[in-house]
1. Take the residues in the stretch 51-77 that are among the hydrophobic types (A, V, I, L, M, F, W, C) and either under 30 Å from Val200 (Cα atoms) or within 21 Å of the chain's Cα centre (by Cα) (or both), then tell me which one is surrounded by the fewest Cβ atoms within 10 Å (Cβ to Cβ).
2. Whether any residue in the stretch 30-39 is modelled with pLDDT under 90, assigned to a loop (DSSP other than H, G, I, E, B) and assigned by TED's automatic domain parsing to the domain that holds Gln94 is what I want to check.
3. So which strands (runs of 3 or more DSSP E) are wholly in the stretch 47-86 and hold at least 2 residues that are among the hydroxyl-bearing types (Ser, Thr, Tyr)?
4. So how many residues does the stretch 234-271 have that are at pLDDT 95 or above, over 22 Å from the mean Cα position of the chain (by Cα) and of a type in the set (Asp, Glu)?
5. Does at least one position in the stretch 198-212 carry a residue that is at pLDDT below 90 and either within 26 Å of Thr40 (Cβ to Cβ) or part of a loop (DSSP other than H, G, I, E, B) (or both)?
6. Output yes when any residue across the stretch 88-96 is out of contact with any strand residue (DSSP E or B) (no Cβ under 6 Å at 6 or more places or on another chain), farther than 17 Å from Ile10 by Cβ, assigned to a helix (DSSP H, G or I) and of a type in the set (Lys, Arg), and no when none is.
Amino acid sequence: MTQRSIAILIDGGFFLRRLPRLVSVGQCESPDKIISCIRTMCRNHIRILTGDKSPRWHQYVYRIFFYDAMPYDGKAHHPIDNHPIDFSKSDIAQDRLALFDALRKQRKVALRLGKVTKDNDWTISPRLTKKLLKTRQWIAALDRLGDMPNPGDAVAAGNLTLSEAETLGLMELRDLWKSLDGGTVSLGLKQKGVDMRIGVDITSLTLKRQVDTIILVAGDSDFVPAAKLARREGIEFILDPLWQQVNVDLFEHIDGLQSGLKKPGTQQAATQNNTVNETAGQES
């Protein structure tokens, strides 16, 4: 019987966002610990698919592909904190670069890197944008300043009488603007080239018949066209959304849904493969 050849493709940005929800903070605070989580996830996937509980799980792995983007290395001036920012020196950038260096040294791991570019300037979070747009009705009282004989005269302005509703509205407006801090705005950065690299690798692995199974660790549906190609060519396509809910119609484009990490709030690495649930063994 021919031994299985399995490729595991990991959307790194998605994986790193989900990981703190699946493991304790102490298990993902350094590159070595993150890599340990990646190894655990991949090992459990292999054991689920092959039924082989031996420590030699790597023999079934064609390659583990990790996709991410090089950190943004530009500079900007923060509009609220009023200080310059060198993104290349941020903790996030340094941690990500350290992770990339560590991944390059791992057995059967291939690093695929896109880039991060600035698409637009600073923006306020959507949640606060809606609130700020509603403040237009609160500043109606200030419009009456323009109707006064001398709006710039402090005495004249002091004669402006506000209703109770207008006073409360202006107080809410003041409190809302005071609540804005450095974390409520973000620079318009966008990751580019990652999805394309995932699609290209799925296509290449499929057409070159390098594997018989592809496991994709991702949380969106951008992979569907490549998944369709793989399945048409006879490749088994497994999705691991790291316990994030996926659309029901996605099931017609994959051969199975399973997870290589523990479900939040459970003690075992439960898995879902269509209607079959299995428990992944733990390597000592």
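1. Met70
2. no
3. 61-70
4. The number of residues fulfilling the criteria is 1.
5. No - not one qualifying residue is present in the stretch 198-212.
6. yes
Quick grid of which residues meet (1) touching a residue at least 24 places away in the same chain (Cβ under 8 Å); (2) within 28 Å of Ser88 (Cβ to Cβ):
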| position | (1), (2) |
| --- | --- |
| Gly12 | yes, yes |
| Pro20 | no, yes |
| Val25 | no, yes |
| Ile34 | yes, yes |
| Ile38 | yes, yes |
| Leu49 | yes, no |
| Asp52 | no, no |
| Arg56 | no, no |
| Gln59 | yes, no |
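The values are calculated or read from the model by the stated rules, or taken from the named source; none is laboratory data. Source: prediction; values computed, not measured. Cβ: placed from backbone, ideal geometry, glycine included. Neighbour counts: every protein chain shown.
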